[in-house]
1. Quick check on the stretch 351-362: of everything there that is touching a residue at least 24 places away in the same chain (Cβ under 8 Å) and open to solvent by 50 Å² or more (accessible area, probe 1.4 Å), which residue is nearest to ARG397 (Cα to Cα)?
2. Filter the stretch 400-430 down to residues that are in contact (Cβ under 8 Å) with a residue 24 or more places away in the chain and in a strand (DSSP E or B), then give me how many there are.
3. Looking at LYS290, LYS305 in this structure, which one is part of a loop (DSSP other than H, G, I, E, B), over 27 Å from the mean Cα position of the chain (by Cα) and not β-branched (Val, Ile, Thr)?
4. Given the conditions (1) part of a strand (DSSP E or B); (2) under 22 Å from GLY276 (Cβ atoms), and given that LEU471 satisfies all but one, which numbered condition is not satisfied?
5. Go through the stretch 443-490 and give me each residue that's at pLDDT 90 or above, touching a helix residue (DSSP H, G or I) at 6+ places or on another chain (Cβ under 8 Å) and surrounded by fewer than 20 Cβ atoms within 10 Å (Cβ to Cβ).
6. Can you pull out the residues in the stretch 202-234 that are in a loop (DSSP other than H, G, I, E, B) and surrounded by 14 or more Cβ atoms within 10 Å (Cβ to Cβ)?
7. If a residue has to be open to solvent by less than 10 Å² (accessible area, probe 1.4 Å) and either part of a strand (DSSP E or B) or under 20 Å from THR452 (Cβ atoms) (or both) to count, how many in the stretch 235-251 make the cut?
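The values are calculated or read from the model by the stated rules, or taken from the named source; none is laboratory data. Keep in mind that this is a model prediction, so the values were computed, not measured. Note that we place each Cβ from the backbone using ideal geometry, even for glycine, and neighbour counts take in every protein chain shown. For accessibility, only protein heavy atoms count, side chains too; no ligands or nucleic acids. Shrake-Rupley method; radii C 1.70, N 1.55, O 1.52, S 1.80 Å.
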Amino acid sequence: AARTQPPSGATKSKPPEESDAPPAKRAPIFYGSLEEKERERLAKGESGLLGKEGMKAAIEAGNINISSGEVFDLEDHMSERQAEVLAEFERRKRARQINVSTDDSEVKACLRALGEPITLFGEGPAERRERLRNILSVVGTDALKKTRKDDDRSKKSKEEYQQTWYHEGPRSLKTARLWLANYSLPRAVKRLEEARLLKEIPEATRTSQRQELHKSLRSLNNFCSQIGDDRPLSYCHFSPNSKFLATACWSGLCKLWSVPDCNLVHTLRGHNTNVGAIVFHPKATVSLDKKDVNLASCAADGSVKLWSLESDEPVADIEGHSMRVARVMWHPSGRFLGTTCYDHSWRLWDLEAQEEILHQEGHSKGVYDIAFHTDGSLAGTGGLDAFGRVWDLRTGRCIMFLEGHLKEIYGLNFSPNGYHVATGSGDNTCKVWDLRQRKCIYTIPAHQNLVTGVKFERGSVLVNANHGNFLLTGAYDNTAKIWTHPGWSPLKTLAGHEGKVMGLDISLDGQLIATCSYDRTFKLWTAE
């Protein structure tokens, strides 16, 4: 193969990288430590000069400002932030370990105990539970235990406060209790014998007697109406022989009227303010001397006065009440007098010993009415706290708690049968309680307004005595009503008063019913 020669005069060209231009000088790159180079530079003393000059130049240029002298320690700031993050992680870790109830009501209770809102807007049970967990992770689970302990402590103190406690009474009280036991037990035996005799009467005879009584009660009419005073009459009470009626008035006067002709016999002056009640001694007008204490009355200023049938002035005052005395009632024996006071207590006075033998607490508000069992063994009290209590006078114990009324109890009465108690209340109802079953057996929706008084019939000419064949109630709806016993069906409404019925009574012979009213009159009702 022939080789071609280049033409003459042509030069041989080289590739660009093989050109003779010198390569550019690059800064050396050091790998590894610069320690030795730095040592050399420091040994020459370059750094100090360069550093100072550099600082000066930077200050002059305004790039460095150290005029205020403030220093920001970056390391401290970083450590604080780090601590916060660590604390948050710790909190989350604790939160995961806290067991929170899945019961929403319990979660709410826990939040309330911790003083937190029990729910937030739009919050569901799951979010609420998570919120409780987060709160507990901050305050600790001990906070909840502490609040629970406080709650338990307060509950315990409340329970202790509600517990019945006894303290030693005077010697005279023990004597009175023994006397009451000896008095009441034979009466109870007698009552039970009468009940057995009544049971022996054929059912047909009893039914016919009851129907006859109901017929006569349905024919009850207003027999007499008398203006008693120029202020409202608050109470009325028949004498044991059914020939007198005592009335109490807000003017402070008490009056005795002959029955049934309603003539004024005596005006008893002694009280200066509203008289709450006036009651005859159980033996007054029957076997008791007129000079002896025949009546007792009480007033809103706390005064209790005793009266004879001869004098217009009180024969004695019973002192010791600092607040309003609402009612007084004689014990069936006539030896003791019970008083109810607005200082949340009731008292028993021994008139033979002329001293207070029992000052009984037990109601949380003022005590309004008091009644004694026909045997003389029990006392019943009705309070403004809407509760009634039945007390055994022989032991001092509260044997029955009458719980059920929605408002204050203004009237209480024992049935002559020995085991029924009736209470009248501000909730417009009358409740009948059974002492044997210790419960309410019937609620009579009696009136349109508060019930001021309840009375069982104490004996009747028509039916075997002492059975309490009907119940009388009076109220602020201006009426008194008669209800069958047992059965509690309405027999008759005694309408006629123009004002609230404040007091009522049934004569011992069962012939007359008396009602007294805010309209300043008292009315007598009898069968035609």
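1. Across the stretch 351-362, the extreme among qualifying residues is GLU356.
2. Residues that pass the stated criteria total 15.
3. Residue meeting the stated conditions: LYS290.
4. All conditions pass for LEU471, except number (2).
5. Matches in the stretch 443-490: THR484 only.
6. Filtering the stretch 202-234 for residues in a loop (DSSP other than H, G, I, E, B) gives 202, 219, 228-232.
Listed by number, the residues that qualify are GLY228, ASP229, ARG231, PRO232.
7. 7
Listed here are the residues, each with its yes/no results for (1) surrounded by 15 or more Cβ atoms within 10 Å (Cβ to Cβ); (2) among the acidic types (Asp, Glu); (3) modelled with pLDDT of 90 or more.
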{"residue": "PRO260", "(1), (2), (3)": "yes, no, no"}
{"residue": "VAL275", "(1), (2), (3)": "yes, no, yes"}
{"residue": "PHE280", "(1), (2), (3)": "yes, no, yes"}
{"residue": "ASP292", "(1), (2), (3)": "yes, yes, no"}
{"residue": "ALA296", "(1), (2), (3)": "yes, no, yes"}
{"residue": "GLY302", "(1), (2), (3)": "yes, no, yes"}
{"residue": "VAL315", "(1), (2), (3)": "yes, no, yes"}
{"residue": "VAL325", "(1), (2), (3)": "yes, no, yes"}
{"residue": "VAL328", "(1), (2), (3)": "yes, no, yes"}
